[in-house]
Amino acid sequence: MFGRVRAVLRAGTLLRSVVLVVVAGLVLLFLTDSLSAYRDLQLADGAYYFCVLAGLTVLAGASGQISLGHGAFMAVGAYTAAKLSAAGWALTPELAAAAVVTLIVGIPVGVAASRLRGPYLAGATLAFAVGLPALADKFPSAFGGENGLAINPPTPPPSLGPTFPLERWQAWIACIGALVVVFVLYNVVHSGVGRSMRAVRDDEIAASLSGLRVGRWQTLAFVLSATAAGLGGGLLAVVSGTVAPGAFPLQLSLTLLAGVVIGGLGSLVGAVWGAALLVLLPNWTTDVANSFSLSSNVSHNLPIAVYGLVLIVAMLAWPSGIQGGVRAIARAGWAGSAKLRPERRQA
Amino acid sequence: MTKFIDLTLNGISTGAIYAAVALALVLIWRSTRIVNFAQGAMLMFTTFIASAVLNGGGSYVLAFVVALAAGLALGGVIERVVVRPVENAPPLNAVILTLGLYTLLVAIAGMIWGNTPRSFPAAFSLRGYRVGGTNLLFTPNDTFTVLVVIAVAVALALLFRRTSLGLRMRASAFAPEVARLLGVRVGRMLTLGWALAAMTGALAGVLVAPSVFLGPNSFDPILIIGFVAAVLGGLDSPPGAVIGGVVLGLALSYVSGYEGSALVPLAALVILVVVLMVRPTGLFAATRERRV
Amino acid sequence: MLTIEELTTDYGPIRAVDGVSLKVPEGSVTAVLGANGAGKTTLLRTICGLVRPTSGRVKVEGEDITRWAVEEIVRFGVAHVPEGRGVIAELTVQENLRLGGLWRGREAMPIREIFDLFPRLEERSGQPASRLSGGERQMLSIGRALMGRPRALLLDEPSLGLAPVLVAQIMSMVRRLADTLGLAVLLVEQNARSALSIANHGVVLNLGQVVVEQEPSKLVADERLLHAYLGF
Ligand SMILES: Nc1ncnc2c1ncn2[C@@H]1O[C@H](COP(=O)(O)OP(=O)(O)OP(=O)(O)O)[C@@H](O)[C@H]1O
Ligand SMILES: [Mg+2]
């Protein structure tokens, strides 16, 4: 009896996620059709940011951890994709490998992270974000040193016609990656696994008393989010055409943090908003800087200043803490967001 | 062998700087249970101010003093204005807030002074001492660095151990509510704690700037390394921070000398993880860490 | 000296202190009795500013101190010895004591006098307070509060966890302090007999309200009443 109810519920989640992905995919398909090449590229940027933010959001929302090391996971994915592309791999296996390699790197980091709390976790992941990209300098022959690696742009399949723009093809690739992430994370979050993770987040002690292996769920959430970041990094490599350590500075991880905080830490819809912010903000601030004829120093740094302000203001306005915020959002968001999501994605 | 001696000497002088950064982090952790991830940006900012003084024709001594004073003011203002509201919030709020501060300060510095790193002068000669016909990798400026850091560490120790102000500050850090019940104006003590910490950080900034150049992001590794040094020393113990700084300075100097400087941040990460996994209370902490 | 008028304190929906009025004259001891959760601690914490009242007033020598900051109330001469002996374990005995007098500057009580009062503390003066026994900690808390020469002393269950002999010692000490220094003492206790033996006034608190206000000698004799509100 119970088994059947559960099976139906599961099928419900699976079905909903399939519908969600298909609807979102169709919307994106029509969207890319009407966008300029430049906008297509922005959409591609947004899609790979979304992968990372969605992972981070599930990490924060499901296990209450934050990571400042996901910029480094993006680097892992990006370098994997670049190396394999140079070795002649096709696009799909190359991106799959980017995710898998990051998953493997994520396991020891996740195990370590599950044993750390608060500022210790933040400091350790921060050190990871700074330490890992330095490897590219240590082994210049393998990773191209400061200049990094170039990666051949993907060619649109001939079946799409000879005039199909490269940018739109890149947008498609990145969006398909993002939809895969949505599909996987949505199902995890709405499964028993997600429930266990949330139980751990809400009260570690109670969760461990009721027999949940706290560390294991946190590790799982961490590895999952690292994998999403690795795929995001692989997509970044494919979209931008080069991979260099300069693309993964400490600032990237902090920018991602700002994106997650803006998105409200915990909902996949929030990750869409966060990704949109990360892509559009530099444009807006450049426009603002131009219209006030500010110097280039100012306009370059304006988006960063906004990220900083976002983080500060969010914390001052949110004294109950992220946990409380997550729970409030979770209550309001998880339930209603399922049917809202396709429409919102358009916005 | 001479290489080993050189690396050791070099490790001591960089270790002194790490010790100052670690000390800055520990002072704040003790008083407010916050790891100040903005520290690296704060000391970057005060060093830029010192650089501006130098460019304006001021002497090195003036620039040095201005940097310390700016650190004092910056730390105090930041505590009062933005940190105070999150002091009693969950620890993650403070983490994100200080990271936001870091980001904001980096951006503001970039707006004012640009993102291209510039050079910053050293107080004394950067030519190594000559011993028995070879130049050591230890310069008069390194001597200055080590002596200044020792002087500040001793001054802080005296302040905390020997003065009634220090007693009030320690009481505020250990038991804020009890301290208030004894008439201690705890808020002021916390502000002062942040101010002193930021001043110590500012000192580190001026001392390290000649070797890393001065740019908005130049001090990111220093912050990470300072954090590792502080954790190594137990995060709660100022003497531990100093020892942690020197130990880490030596370790990273050897790594850099024998394996290349690119591995330094990674080595710091490895040390951090090992310490956190094996002995989270730090290697030198005498008292048990109060985990929050 | 210490006057409390219609003081009411809420923790969200919970009313912990409900319209309490009290007067503690100079040189006298007022004992506040009540079962667990009666609101005794909350009453003291409200008086010294650690908790803000919903309504009502606290006056010291006619001055309304209700909304003052804790530090300022303490500096006005109201010393609070918190429940569970709030010694600062990381500081030495001597440092704990000094801290209590710092705000008074040069007019602080000389440590000598505290040591005369509690010779045990002198033997331990250089040790961290974490090494003290329960009774020694209580002595340290009281001695530390006296360092600032307060006018009013708020004591929260000083007998908690102490042997009867020590309780008796501490109680007679409190009486002596009220007499010799002219302190106004507000003594919160569950140990009704000991507290009443030295008190000038007795007050029983139940669910945040004053239910009985009486001569200590009559209170102590009223078995039925003590049984009803204090459970013995
Ligand atoms: N911080 C708080 N938040 C919410 N409710 C509280 C808080 N502190 C106390 N209370 C409630 O207020 C009421 C009075 O508590 P209080 O500590 O004043 O009692 P008490 O008389 O000192 O008890 P005891 O003899 O056990 O120390 C109790 O119902 C208690 O649960
Ligand atoms: Mg009580």
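Worth a mention:
- A 1.4 Å probe over all protein chains sorts B:Trp113, A:Trp284 by accessible area into A:Trp284, B:Trp113, starting with the largest.
- Between the stretch B:10-76 and the stretch B:139-165, the Cα center-to-center distance that results, in Å: 14 Å
- Label point distance in nm, C:Ala69-C:Ala89, each placed 7 Å from Cα along Cα→Cβ: 2.9 nm
- Gyration tensor over alpha-carbon atoms, chain C, equivalent ellipsoid semi-axes in Å: 27, 21, 16
- Accessible area buried between chains B and A, both sides summed, probe 1.4 Å, in Å² to nearest 100: 3900 Å²
- Cα-based convex hull, the stretch B:161-292, per residue volume (Å³, whole number): 132 Å³
- Ligands, DNA and RNA excluded, the heavy atoms of B:Phe174 present near 40 Å² of accessible surface to a 1.4 Å solvent probe.
- Highest-fluctuation residue, B:Arg84, B:Arg161, B:Arg33 considered, GNM on chain B with Cα pairs under 10 Å: B:Arg161
- Cα-centre dipole for the stretch A:2-248 with unit charges at Cβ (Lys and Arg positive, Asp and Glu negative), debye to 20: 940 debye
- Note, ³J(HN,Hα) from phi for the stretch C:207-221, Karplus 6.51, -1.76, 1.60, rounded to Hz, x at Gly and Pro: 6, x, 10, 6, 9, 9, 9, 7, 4, x, 5, 6, 4, 5, 7
- The percentage of C-alpha pairs in the stretch A:2-248 whose separation is greater than 23 Å is 53%.
- For the protein assembly as shown, carbon and sulfur atoms together expose 63% of the accessible surface, with a 1.4 angstrom probe and every protein chain in place.
- Of the DSSP H helices in chain C, those whose Cα atoms cover at least 15 Å axially and whose Kyte score averages -0.5 or more: C:134-146, C:164-181
- Here the alpha carbons of the protein assembly as shown define both size measures, Rg and Dmax, at 31.6, 105 Å.
- Partners for A:Lys138 among lysines (Cα-Cα distance below 28 Å; same-chain residues under 8 apart left out): A:Lys83, B:Lys3
- Close amide H contacts of C:Thr92 (hydrogens built in the peptide plane, cut-off under 5 Å, sequence separation of 5 or more or a different chain): C:Ala129.
- Candidate aspartates and glutamates for bridging to C:Lys59, where Cα separation is under 15 Å - those fewer than 8 sequence places away on the same chain excluded: C:Glu5, C:Glu6, C:Glu26, C:Glu72
- Only protein heavy atoms count here; on that basis, with a 1.4 Å probe, C:His80 has an accessible area of about 10 Å².
- B:Gly234 long-range amide H proximity, modeled H, under 5 Å: B:Leu283, B:Phe284
- Test item: B:104-117 mean partner chain Cβ contacts at 10 Å: 5
- Two-decimal Rg to Rh for the stretch B:101-180 - Kirkwood Rh, Cα set: 1.21
- Solvent-accessible ranking of B:Arg162, B:Arg168, largest area first, probe 1.4 Å: B:Arg162, B:Arg168
- For peptide A:136-143, the mean count of partner chain Cβ atoms within 10 Å of a residue's Cβ comes to 2.
- Chain B: DSSP helices with Cα axial extent of at least 20 Å and average Kyte-Doolittle hydropathy no lower than -0.5: B:2-32, B:39-55, B:60-78, B:91-113, B:140-162, B:186-212, B:238-259, B:264-278
The values are calculated or read from the model by the stated rules, or taken from the named source; none is laboratory data. Predicted, not measured: the structure shown is a model, and the values here were computed from it. Here Cβ is always computed from backbone atoms with ideal geometry, including for glycine, and neighbour counts include all displayed protein chains. All accessible areas refer to the heavy atoms of the entire protein, side chains included, with ligands and DNA or RNA removed. Shrake-Rupley method; radii C 1.70, N 1.55, O 1.52, S 1.80 Å.
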